[in-house]
Amino acid sequence: MKRVLFIIRVSALASLMLSSQASGQKTYAVGIGGGAAIPVGKLSTSQTTGFNGIAVVALGVADLPIGVRFDGIYNSFSRKEITSPPTNTYAFRVAGLLGNLIYAFPGSTAKSYILAGGGWYNTKFDVAGTKAENHWGLNAGLGITFAVGPVASFLESRYHFISREPAKGGVLHFVPITLGVMF
């Protein structure tokens, strides 16, 4: 009987400790990252692979695999040197503020996730006198989070679709591949 009472007490104590530990889990994260930005479709005819940067604020619930993520992005594409026929191509940049839903699959040391959302994109060709344009767009992608020491790292790729009128060049597509850290 003493042994049963001891097991019940230890189990109750462990349960209390683990539940307080779970309720104390962080439900937000901030992060930064960068990598390559690959032009796709019509954008790839005039621009080459460039770079991207991202600032992230992620919000979630400790017991649920879903969350919300807000991203500030910056992508820059260099112009392609096209000699035949000669063209006037210029460097191109895309900045944006995005809201995404994220679903994380279960995992112990690494967790894969999918995310999708939309937001506001600001585009501009690097030509004197041109104005930046604002457009709405969508994005979707997948990634993986993993620990590197005390920091959570992530590697992800997303497909961005920016809706523009045909008179302004039509739809833009690009795919950034990003490596970052979350705190």
Cα-based Kirkwood hydrodynamic radius, region 53-140, one decimal, Å: 15.5
For region 33-183: rounded, prolate or oblate by the Cα gyration tensor [a/c cutoff 1.5]: prolate
Cross-link partners of Lys124 among aspartates and glutamates (Cα-Cα below 17 Å; sequence separation of 8 or more within a chain): Glu133, Glu165
Amide N of region 163-183 lying under 16 Å from the label point, which is placed 7 angstrom from the Cα of Ala36 along Cα→Cβ: 174-180
Heavy atoms of Phe105 accessible to a 1.4 Å probe, total area in Å² rounded to 10: 80
Pairwise FRET efficiency - Glu165 versus Ala132, Cβ, R0 = 25 Å, nearest 0.05: 0.95
For Asp126, solvent-accessible area (1.4 Å; no DNA, RNA or ligand), Å²: 110
For region 53-164, size of Cβ-based charge dipole, Lys and Arg +1, Asp and Glu -1, in debye: 240
Alpha carbon centroid spacing (whole Å) that separates region 112-165 from region 31-71: 4
Options Ala128, Thr49, Gly35, ranked by Cα towards positive dipole end of region 34-133, top entry (Cβ charges): Ala128
Length gained when the stretch Ala147-Ala91 is fully extended (0.36 nm per residue, less Cα-Cα span): 16.6 nm
Listed peptides 34-41, 146-153 by packing density, highest first (mean Cβ within 10 Å): 34-41, 146-153
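The values are calculated or read from the model by the stated rules, or taken from the named source; none is laboratory data. From a predicted model like this one, the values you see are computed outputs, not experimental measurements. Because the Cβ atoms are built from the backbone with ideal geometry, glycine has one as well, and the counts that use them run over all protein chains shown. Remember, those area values only see protein heavy atoms, side chains included, never the ligands or the DNA or RNA. Shrake-Rupley method; radii C 1.70, N 1.55, O 1.52, S 1.80 Å.
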